[in-house]
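Notes follow the structure.
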Amino acid sequence: MKKTCPQHGPFEELIASSAPLFLRLERYAFDDSVKLAEIPGGDPAACPSGCGICPGHLSSASMTNLDLTNRCNLRCPTCFANAAVLPYVYEPTLEQIRTMMDRALAIRPKRLQSIQFSGGEPTLSPHFFDACRLAKERGIRLIQAATNGILFARDPTFAQRAADAGLNGAYLQFDGVTDDVYEITRGVKGLWEVKLRAIEAMRKAGIRVTLVPTILRGVNDHQVGDILKFAAANMDAVVAISFQPVSFTGRVEPVERRARRYTLTDLAFDIEAQTGMLKAMEDWWPLNIVTPFASIIESVAGTDSYGFHPFHCNSHPDCGLSSYLLINPATGQSVPLSQLFDMEQLLKDVHALARQTERFPSRIYATARLLHMILKDYRPENAPRGLTLAKLAKTADAISGGRLMGITKERRHEWRLLLVSSMHFQDAYNYQVERVQRCTIHYSAPDGHIYPFCTYNCGHNFREKIETRYSVPKEQWQKAKGALAAQ
Ligand code: SF4
Ligand code: SF4
């Protein structure tokens, strides 16, 4: 990427280490055509500095974040929220949490399906369990916490109490499979053991785990394959991985940026080299690949009383990539979903059908056409021994909770699907307004506005403004809270 700053002149930034893969990913840009309604209203003419979700924004939220506190029980050098080291405490009241949640739920046309409590370490908020209950009462399907896992590991009852309150997902910080990695990324010893205990507690409580590794070149990029293998071996608890190449904060000189920058395409090639389970040039897709499938499922399955909408992720193709691995935990076999189909053809067909069903939603027509396409584009010669099309259909139906074909209500099947994804959050050097205008990860803030992740945490950085406005000085907070202040 080449940019020119009126003050500092031209500069360049590396946004992908492999041009062929970058171009391949850019070819698949599906448009949600979403027109957001019931929005608080920022100013599209002043994008992104006038942000708050505005009529110009191009994507609905696949997930909305709600920060419960900026306190944390770690001091990670990689934290984009600078949690725990700031001179103030930002910790919304339960009333503020309720209002922020309702504000996010009011946005139309696609009702929010997924909320993530974040921070800081959200489990430290005195309102954590109540926040989970509020989300459950409102029928939000995926209620998750972005957590370092410490409280889950430390207190054997914590995971079950959280699950009882409504928590059904954990976005677990998971930078590698050995302790030395955490010493660098998180600044403390002993965290690997903590991760294992936290996952065990979550497994017992039925909380589905997404592993969230922050990847730094030269620190833990040699373990991306081991992280994938760990997930594949623990699919009774782990349902997804979301790799996050680190974003730079502050001023970083060009030579240092060049040495430390880790891109999405680096990840794809490293995973191929370290595992052979996914081919870089064949098995990775932009995150938005789910969008045409989601449109068809909507036409086929309809919406329920809460306005169920399948997972849309209409982000810009440069924001992230994904792959889906079918794994048989009993035998250890795995195959990328994309190897089972003529993907080029299937995507063309599905995209065309999605457009048709949006205009003429007919359940019978969409189901018949979809089945025809799947049969036509299926490549049985690539299926591992024991994986039949019927078993594949059961797995797909289970993921939709039986809505797609109505043949199953169970979520667990012989062959399970692992989502392997990555999102490269932006920083000041690789910032693209086109990306943030499609952002699907939103924040609900106490000022009544909703912000895309990459205007909240970088670029215009609304986080700083919101937190200073709605926080109290740390000393004042410590006096008021006494013992809790030690955390
Ligand atoms: S980033 Fe999106 S919500 Fe923010 S001002 Fe731009 S178009 Fe509007
Ligand atoms: S959070 Fe940033 S990287 Fe992710 S979709 Fe939004 S703009 Fe793109």
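Here is how the numbers come out for the structure above:
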quantity	calculated
Relative contact order of region 157-294, defined on C-alpha pairs under 8 angstrom at six or more residues apart (%)	22 percent
Unit charges at the beta carbon, dipole of the chain: most positive-side option, Q356, C79, Y456	Q356
Rounded, prolate or oblate (a/c below 1.5 giving rounded, otherwise prolate when a/b exceeds b/c) for region 111-209 by Cα gyration tensor	prolate
Using θ = phi - 60° and Karplus 6.51 cos²θ - 1.76 cosθ + 1.60, couplings along region 374-382 (whole Hz; Gly, Pro as x)	4, 5, 5, 9, 6, 10, x, 5, 8
Listed residue (G42, A366, I227) projecting farthest to the positive dipole end of region 18-486, Cβ model	A366
Distance in nm between pseudo-label sites at K391 and R75 (7 Å out along the Cβ direction from Cα)	5.2 nm
Relative contact order %, region 1-116, counting alpha carbon pairs below 8 Å whose residues are six or more apart	23 percent
Low-density loop cleavage sites - trypsin sites (Lys or Arg not before Pro) in region 167-197, where at most 11 other Cβ are within 10 Å (DSSP)	K189
Inter-site label distance for K204 and R260 at 7 Å from Cα along Cβ, in nm	4.0 nm
Prolate/oblate/rounded label for region 192-265 (Cα gyration tensor, a/c 1.5)	prolate
Partners for K391 among lysines (Cα-Cα distance below 22 Å; same-chain residues under 8 apart left out)	K376, K409
Value of relative contact order over region 18-486, rounded to a whole percent, pairs C-alpha under 8 Å and six or more apart	20 percent
Rounded Å value of the spacing that divides the Cα centres of region 171-243 and region 133-159	17 Å
Calculated Rg and Dmax of region 126-282 using C-alpha coordinates, Å	17.0, 51
Those Cys residues of the chain for which no other cysteine Cβ falls under 4.7 Å	C5, C47, C51, C54, C72, C132, C313, C319, C439, C454, C458
Whether region 1-61 is rounded, prolate or oblate, judged on the alpha carbon gyration tensor where a/c under 1.5 counts as rounded	oblate
Within the chain, helix-based [θ] at 222 nm, where runs of 4 or more DSSP H residues each add -39,500 (n - 2.57), nearest 500	-10500 deg cm²/dmol
Range of Cα positions in the chain per principal axis (Å), largest first	66, 56, 46
Contour excess over end-to-end distance, with Cα ends at V433 and E282 and 0.36 nm allotted per residue	51.5 nm
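We did not get these values from a lab; they are worked out from the coordinates using the rules stated. Since the model is a prediction, treat every value here as computed from it, not as a measurement. Glycine also receives a Cβ, built like all others from the backbone with ideal geometry; neighbour counts cover every protein chain displayed.
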